[in-house]
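Step one of this worksheet: look at the structure below.
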Amino acid sequence: MRRRTFLAGASGLTGGILLGRARGARAEAQRHRIAVVGRGPMGSAAARYLAEAGEDVVVVGPEEPADFAQHPGPFASHYDEGRQAEFAAHNEGISRLSRASANAFRGLQAKTGVEFYRDHPNLWVMPRGYRTDYLDLDRCEALAKQLDETLVPLDDAGIAQRFPEFRFPADSRGLLEPRGGLINPRRMVRAQLAAARKAGATLVADNVVALNRRPGAIELATRGGETLRAERVLIAAGGFTNASRMLERRLALSLHGVTVVLVEAPSEPRPEIPSVTFVVGGKAGPRTGFAMPPLRYPDGRYYVKGATASSVDSLLDDGGLVPWYRGAGAREDGPQLVALLREVLPSFVPGEVRTLPCMVAYTPSGLPYVDRVDERIGVAVGGNACGVMTSDELGRLAAAMMRDAPWTGPLGAELFSARFA
């Protein structure tokens, strides 16, 4: 079995069927009011909100590749079975976007019958007094109070009592978010696209290779040789936005390669753990790890998905994107995470280990761009490592922007203004 084939599984098959049904309608009307480029978390959500508002919308993007090593690109980072939803771990904007999205996820599940979200606790543990720019437990507690979210502070005894399976060093400090969440990104995108199509959206399984600005319409040329036309275009192409050359100016985006580690949990009982981010000491300094509860992947096996901080500083340029996704990420992250898990979760018996590439697109503001870059083109990009859990609300805001509808919610539109390189 080729690398990554085990990850595509039924998701790719279902997506192919769904998109295949839309192709007949595409030949009848190739001009649309709004085109969405990118059928990932933000693009699929925006397409749904546009279609449900009565807009004639087409959403264009490739299906998940069965074999990454042979795929020419672009790629996406939602080809996964698990992402956490956090509501007081970042800045106010991300936290509000996450909570609004989680609230909307439940309605989307009921509407489509596709289950992709459930409540699941989050846990952060680190040495007392330790903090980073990314995660500061004091800041998290203050934000939780501001937003009326629930965080439970834990000392050594509290961690041991609630989570006896863990072994963290003495004098650790913990925060528990009992109302956290767990998202299946593949199923989430599937649900968004199903709802969009039911509301009248046209789905095109292809890659846009060029935007040609014409009087009265924008032409979208696809790799498959088709030309679509739209009055307006929303670009939601994630980290591939600049590399696609669809915009006349480059957005200020910092792209980082991150390695996902899948550690098989081959035998029962499998550990019932929260999604946990932890920092433990070491001879070379603090070591950071992340782990989620065992989740069933399309190959039928259960994996603990995790990561270390070793590859977060891997900067990617336009030419490095496709080679990064065709590879296996930083292979050394696999044994590093296994060693961390043996230390903090000693009862866990790890099985086969796989490393996979992922990418994070950061913006200078720490919030995504949801903005019109000119009269006819808008963007919804820059997840800042939180793109999945914030995607529904971002899609709602992007759809309103493209329709010239009022911007609503507690976060002002100016917070999402695009910046250029």
Determine if segment 342-351 includes at least one residue that is aliphatic (A, V, I, L, M) and in contact with a helix residue (DSSP H, G or I) (Cβ under 6 Å, 6 or more places away or on another chain).
-> no
Could you list, in sequence order, the residues of segment 310-335 that are under 24 Å from Pro169 (Cβ atoms) and either crowded, with 20+ Cβ neighbours inside 10 Å or touching a Pro at 6+ places or on another chain (Cβ under 9 Å) (or both)?
-> Asp333, Gly334
Restricting attention to segment 270-326, the residues that are modelled with pLDDT under 90 and either out of contact with any strand residue (DSSP E or B) (no Cβ under 8 Å at 6 or more places or on another chain) or outside the structural domain of Phe168 (by TED's automatic domain parsing) (or both) number exactly 4
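Matching residues to (1) buried (at least 22 other Cβ atoms within 10 Å of the Cβ); (2) under 30 Å from Glu343 (Cβ atoms):
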| residue | (1), (2) |
| --- | --- |
| Glu165 | no, yes |
| Pro169 | no, yes |
| Gly174 | yes, yes |
| Val189 | yes, no |
| Ala205 | no, no |
| Gly216 | no, no |
| Ala243 | no, no |
| Arg249 | no, no |
How many residues does segment 249-273 contain that are under 11 Å from Pro293 (Cα atoms) and assigned to a loop (DSSP other than H, G, I, E, B)?
-> 5
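Conditions tested, residue by residue: (1) in contact with a helix residue (DSSP H, G or I) (Cβ under 6 Å, 6 or more places away or on another chain); (2) within 30 Å of Ser172 (Cβ to Cβ); (3) surrounded by fewer than 23 Cβ atoms within 10 Å (Cβ to Cβ).
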residue: Met42; (1), (2), (3): yes, no, no
residue: Ala45; (1), (2), (3): yes, no, no
residue: Pro62; (1), (2), (3): no, no, no
residue: Pro65; (1), (2), (3): no, no, yes
residue: Ala85; (1), (2), (3): yes, yes, no
residue: Ser101; (1), (2), (3): yes, no, no
residue: Thr112; (1), (2), (3): yes, no, yes
residue: Pro127; (1), (2), (3): no, yes, yes
residue: Tyr130; (1), (2), (3): no, yes, yes
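Output the number of residues of segment 274-292 satisfying the condition of being closer than 19 Å to Gly174 by Cα and either surrounded by fewer than 20 Cβ atoms within 10 Å (Cβ to Cβ) or without any contact (Cβ under 8 Å) to a residue 60 or more places away in the chain (or both).
The qualifying residues number 9.
The values are calculated or read from the model by the stated rules, or taken from the named source; none is laboratory data. Just so we're clear, the structure is a prediction, and the values are computed from it rather than from any experiment. Note that each Cβ is placed from the backbone with ideal geometry, even for glycine, and that neighbours are counted across all protein chains shown.
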